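**Student:** Here you go, one structure.
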Amino acid sequence: MSDLLTRASSINRALDQIGDKWSLLIIQEVFWGINTFSGMLEATGVSRGVLSDRLKWLQRIGCLRKRTSSPESRRAVYHLTRKSIELYDSALMAIAWERKHYRTPSLDAVQLMHKPCGKLINPRMICGTCGEDVDGREAHYLPGPGATKDVREKKVRRRSTLSVDEVPSERSVYRNLVNLVGDRWTANVIALAYHGQNRFEEFHKELPVATNILSDRLRFLVEQGVFGSRAYQQRPRRFEYYLTEKGWDMYPFFLTLLQWGDKWCDPEGKGAPMVVTHESCGNHLKGRVVCDHCGEVLLAHDVDIYLE
Ligand SMILES: [Zn+2]
Ligand SMILES: [Zn+2]
């Protein structure tokens, strides 16, 4: 299996930077105010070696900044940067998806309070132009100014080698999502499905992945209820995969990654590789994450999160 040259996608670029399980979890913890090495160690259930590796990586790509808390204590604390603060929309959409599809006492206990309106809220994503709720089935893609081919490496440096069965700490408020998205191939296959690809051979053509791993990830997605499958040929029997409602409900999360990737993962500054159009209104689809009560855009410093 060698590297592949495929159509550039900001989703893939974003995933290659922050899409591994532990990076997602570390950024999540910093959003909730856990910002020391020992705090993160405890909160995520990660090993010391992996944590220190990911912290270095996140600093290198400009997603975390290390500071000393005070001259007396000299304890290192990690801060978000302008780049990583903009992943807040992704965190909110991850919570929204998780809450809709999973029920556990710890998830039920999570509350988000929007300080400007004082209400407990559910974040939702609307089209920035027409204000309708974003539905991935109404998105259309065209090559953008930065359309090019990217090398898809067989191995991405930062990827954890953890299996999909390895589960992050109970405390994570979007652990199910992290389990799906934190695996490179699983996330890539979901993204391809949003672009209308649905057969094994199509996925295989776009991804430098071994066939047994691809089969395994597709089975996992069916088990998790993100994909359904149906036979489109009898002899030999071949299947195609389609997104379920649960799978489509994940679209706003992926759109936040695409928007973030357009802005922060554009090494040559050429602009978006792909332009997303909202078919219902005909405009460029810019998803905005808003409060379901007052309709205002949700900003990190305006939202309080209560974990229990
Ligand atoms: Zn629209
Ligand atoms: Zn509000």
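What follows is calculated from the coordinates using simple rules that are stated; it is not laboratory data. No experiment lies behind these values; they were computed from the predicted model shown. Virtual Cβ from ideal backbone geometry, glycine too; neighbours counted across all protein chains shown.
**Student:** For the chain, set up a GNM with springs between Cα atoms under 10 Å and report which of GLN234, GLN111, GLN197 has the largest fluctuation.
**Tutor:** GLN234
**Student:** With each label point set 7 Å from Cα along the Cα-Cβ vector, what nm distance links VAL297 and ARG230?
**Tutor:** That separation, rounded to one decimal, is 4.0 nm.
**Student:** Using a Debye calculation, one point per C-alpha and no hydration shell, please list log10 I(q)/I(0) for region 192-308 at q = 0.16 Å⁻¹ in order.
**Tutor:** -1.01
**Student:** Can I ask one more? May I ask you to sort LEU51, LEU92 by Cβ crowding, counting other Cβ atoms within 10 Å and putting the fewest first?
**Tutor:** In increasing order of surrounding Cβ atoms, one gets LEU51, LEU92.
**Student:** Now for a different question. For every helix of n ≥ 4 consecutive DSSP H residues, a contribution of -39,500 (n - 2.57) applies; sum these over the chain, divide by its total residues, and give [θ] at 222 nm rounded to the nearest 500 deg cm²/dmol.
**Tutor:** Numbers: 13 runs with 119 residues, N = 308.
Helices in the chain give a 222 nm mean residue ellipticity of -11000 deg cm²/dmol.
**Student:** Let me ask you something else. Which FRET efficiency value, to the nearest 0.05, do you get for HIS195 and ARG75 by plugging their Cβ-Cβ distance into 1/(1 + (r/R0)^6) with R0 = 51 Å?
**Tutor:** About 0.65, to the nearest 0.05.
**Student:** Report the label-to-label distance for GLU138 and ILE305 in nanometres (one decimal), using points 7 Å from each Cα along the Cα→Cβ vector.
**Tutor:** 2.8 nm
**Student:** Two decimals is fine: what's Rg over Rh for the chain, C-alpha atoms, Kirkwood radius as Rh?
**Tutor:** 0.96
**Student:** Could you work out Rg/(2.2 N^0.38 Å) for region 190-253, with Rg from alpha carbons only?
**Tutor:** Compactness ratio reported: 1.08.
**Student:** Please work out whether region 18-90 counts as rounded, prolate or oblate from its C-alpha gyration tensor, where a ≥ b ≥ c are the square roots of the eigenvalues and a/c under 1.5 means rounded, while otherwise a/b larger than b/c means prolate and anything else oblate?
**Tutor:** Note, shape of region 18-90 comes out oblate.
**Student:** Of ILE18, VAL290, VAL151, whose Cα points farthest to the positive end of the dipole of region 4-306 (charges on the beta-carbon: +1 Lys, Arg; -1 Asp, Glu; origin at the Cα centre)?
**Tutor:** Of the candidates, VAL151 comes out farthest on the positive side.
**Student:** Pull out the extension gain between ASP266 and TYR242, defined as 0.36 nm times the separation in residues minus the alpha carbon to alpha carbon distance; nm, one decimal.
**Tutor:** Gain on stretching ASP266 to TYR242: 5.6 nm.
**Student:** Counting other C-beta atoms within 10 Å, and keeping those with at most 16, which DSSP coil chymotrypsin sites (Phe, Trp or Tyr not before Pro) do you find in region 52-161? Mind showing how you got there, number by number?
**Tutor:** Values: sites: TRP57, TYR78, TYR88, TRP97, TYR102, TYR141; in loops: TYR102.
Counting only loop positions with at most 16 other Cβ atoms within 10 Å, the chymotrypsin sites (Phe, Trp or Tyr not before Pro) in region 52-161 are TYR102.
**Student:** Amide H of ARG152: which non-local residues (sequence gap of 5 or more, or other chain) have their own amide H closer than 5 Å, using H built in the peptide plane?
**Tutor:** Long-range HN contacts for ARG152: LEU4, LEU5, THR6.
**Student:** Here is a follow-up. Quote the charge dipole size of the chain about the Cα centre in Debye, to the nearest 20; the model charges only the Cβ of Lys and Arg (+1) and of Asp and Glu (-1).
**Tutor:** Roughly 940 debye for the chain.
**Student:** While we're looking at this one, here's another question. What does the C-alpha gyration tensor say about the overall shape of region 1-128? Classify as rounded when a/c is under 1.5, otherwise prolate if a/b is larger than b/c, or oblate.
**Tutor:** oblate
**Student:** Could you please rank GLU206, GLU268, GLU138, placing first whichever residue has the fewest other Cβ atoms within 10 Å of its Cβ?
**Tutor:** In order of increasing Cβ crowding within 10 Å: GLU268, GLU138, GLU206.
**Student:** Please compute the Cα-Cα pair-distance distribution of region 65-106 with 10 Å bins starting at 0, giving whole percents from short to long.
**Tutor:** It works out to 23, 28, 25, 20, 4, in whole percents.
**Student:** Rank LEU58, CYS130, ALA191 by how far each Cα sits towards the positive end of the charge dipole of the chain (+1 on Lys, Arg Cβ; -1 on Asp, Glu Cβ) and give me just the farthest.
**Tutor:** Of the listed residues, the answer is LEU58.
**Student:** Let me ask another. Using a 10 Å cut-off around each Cβ, can you sort HIS101, HIS284 from fewest to most neighbouring Cβ atoms?
**Tutor:** HIS284, HIS101
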